[in-house]
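Here the structure comes first, spelled out in structure tokens, and everything after it is commentary.
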Amino acid sequence: MTQITKRHLDFVQEAKEVFEAAPLLETYRNDDDTLIALRMGMDRDCVEVWELGNKIANFVQQMDPYPMPRKVVREFSYDMEKQLEANENKGGWKEADFEYLQRHLRINANKLNHALSKADKDKHEITIRCTNIANYAMMIADNEGEHL
């Protein structure tokens, strides 16, 4: 097992700064190509460090490019997933007709308008309504639309 040294810890800090400055960057190497940092984790907030040996090859354009969604989009999508999980007992949406999904989208939009009109806004309720609206819109797009 390799012992973690100050050099490794300094490199983690360096990689953190580079990753924060370039949110789409997935790997980072030090100047002398002896260490590589990989952006890891479900939230892409972890840094895995490897010591490098000899380079074998650089295999370019092996995968379709995939842009990293913005932080707010990722966080909102996690909230959407939580709401889908909370309502999993209702079954899927593949068999639901457009009118049913649209009606529930409107119900949630009306509830959102009501929550936003209150002087003492319930931020949790507002997020629930927004995620439900987004989920119903996603269901309609999944059933009736196509990817852009």
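Counting only other residues whose beta carbon sits under 11 Å from that of ASN30, what net charge do I get with K and R as +1, D and E as -1?
Around ASN30, the surrounding residues sum to -4.
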Compute the acute angle (0 to 90°) between the alpha-carbon long axis of helix 6-21 and the principal axis of greatest extent of the alpha-carbon atoms of the chain; round to the nearest 10°.
40
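Scan the chain and report its longest stretch carrying no trypsin sites (Lys or Arg not before Pro) that are both in a DSSP loop and have at most 16 other Cβ atoms within 10 Å. Intermediate results must be reported in sequence, preceding the final value.
Working: sites that count: ARG44, LYS55, ARG70, LYS94, LYS118, LYS121.
With trypsin sites (Lys or Arg not before Pro) excluded where exposed in loops, the chain gives 1-43 as its longest stretch.
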I need the calculated FRET efficiency for the pair ASN113 and THR5, taking r as the beta carbon distance and R₀ as 41 Å, to the nearest 0.05.
0.10
Over all alpha-carbon pairs in the chain, figure out the percentage whose distance exceeds 23 Å.
57
Between ASP120 and CYS46, what is the FRET efficiency for a Förster distance of 41 Å, r being their Cβ-Cβ separation, to the nearest 0.05?
0.60
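Between beta-carbons, use under 13 Å as the cut-off and find the net charge around ALA109, counting Lys and Arg +1, Asp and Glu -1.
Numbers: positive: ARG103, ARG106, LYS111, ARG129; negative: none.
Computed value for this residue: +4.
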I'd like to know which of ILE128, ASN87, HIS104 lies farthest towards the positive end of the charge dipole of region 71-144, counting +1 on Cβ of Lys and Arg and -1 on Cβ of Asp and Glu.
ILE128
Cα gyration tensor shape of region 1-71, rounded if a/c is under 1.5, else prolate or oblate by comparing a/b with b/c
oblate
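Which of the pairs LYS6/LYS82; LYS90/LYS111; LYS90/LYS123; LYS16/LYS121; LYS71/LYS121; LYS82/LYS111 have their Cα atoms more than 29 Å apart in this structure?
Working: LYS6/LYS82 40 Å; LYS90/LYS111 20 Å; LYS90/LYS123 25 Å; LYS16/LYS121 36 Å; LYS71/LYS121 24 Å; LYS82/LYS111 19 Å.
In this structure, LYS6/LYS82; LYS16/LYS121 lie more than 29 Å apart at Cα.
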Using r as the Cβ-Cβ distance of VAL73 and HIS147, and R0 as 25 Å, what FRET efficiency do you calculate, to the nearest 0.05?
0.95
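Over all pairs of distinct alpha carbons, what does the Kirkwood formula give as the hydrodynamic radius of region 52-135, in Å?
On the way: mean 1/r = 0.0621 Å⁻¹.
Averaging 1/r across every pair of different Cα atoms and inverting gives 16.1 Å.
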I want the local charge near TRP93. Using Cβ-Cβ distances under 12 Å, sum +1 for each Lys or Arg and -1 for each Asp or Glu among the other residues.
-3
Sort HIS104, HIS124, HIS8 by Cβ crowding within 10 Å, fewest neighbours at the top.
HIS124, HIS8, HIS104
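Taking only C-alpha pairs under 8 Å that are 6+ residues apart, what is the relative contact order of the chain in percent?
On the way: 104 pairs, mean separation 23.3, N = 148.
About 16 percent, as a whole number.
Where a number appears in this text, it was derived from the coordinates with a stated rule and is not lab data. Every value quoted in this text rests on a predicted model; they were computed, and no experiment measured them. In this analysis, Cβ positions are derived from the backbone assuming ideal geometry, glycine residues included, and neighbour counts consider all displayed protein chains.
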